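These notes concern the structure reproduced below.
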Amino acid sequence: MKHQTIDQLQAVARIELSAPHSEMTRQQRIARWAELLEQTPERCLGALTGTEHLHPEARAMARCEGSAITVAFEDPILRESGLKDDTYGEAKRFFELSDWQLHDIVCDCHVGATMKARWAGARVRGKVGGAGFFAWLWQRIMH
């Protein structure tokens, strides 16, 4: 095998430093998030405090170290797909969730200061494809 520089290779081939990725749909992004949470079901995650009571600007900037949103942000595929940080507002934008949907996943009023990743994963999975029977059933099984 002969070593060649990028300049030398460009003379004989087209070089792309990063492979293009296909755009993920909303359902694919949410499903990926649920899968990431389900990979470590016993992981203890931080919950955001009182998201429903925060002023919209403060809610958008809210974050909690080690939250379910942090799990999504730790994933290079979701970051490459456009997830910019682990704030509430960015998760709402990226996953295309309403305030009530995201509140249902990350707020402390449901679980207290911490939650198991398994619980958060079930809540996230319930957002895939709407609130159908199987999403409801999955949430009930995981409780």
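With coordinates expressed along the principal axes, the C-alpha atoms belonging to the stretch 26-142 extend over 34, 31, 25 Å, beginning with the largest. Label positions at Ala60 and Cys44, each projected 7 Å from the Cα along the C-beta direction, are separated by 3.4 nm. Along the axis of the charge dipole computed for the stretch 26-142 (Cβ charges of +1 for Lys and Arg, -1 for Asp and Glu, origin at the Cα centre), the listed residues Gly126, Cys107, Ala58 are led at the positive end by Gly126.
Modelled this way, with points 7 Å down the Cα-to-C-beta line, the labels at Asp75 and His53 are 3.1 nm from one another.
The alpha carbon centroids of the stretch 47-73 and the stretch 81-109 are separated by 8 Å.
In a reduced charge model with +1 at each Lys and Arg Cβ and -1 at each Asp and Glu Cβ, the stretch 26-142 shows a dipole moment near 340 debye about its Cα centre.
In this rough spin-label picture, where each label sits 7 Å from Cα along the Cβ direction, the Trp100-Ala11 distance is 6.6 nm. Of the peptides 33-42, 65-74, 118-127, 48-57, the order by per-residue mean of other Cβ atoms within 10 Å, starting with the highest, comes out as 118-127, 65-74, 33-42, 48-57.
The numbers here are math on the coordinates, done by the rules we state, and not lab data. Since we're looking at a predicted model, the values are computed, not measured. In this analysis, Cβ positions are derived from the backbone assuming ideal geometry, glycine residues included, and neighbour counts consider all displayed protein chains.
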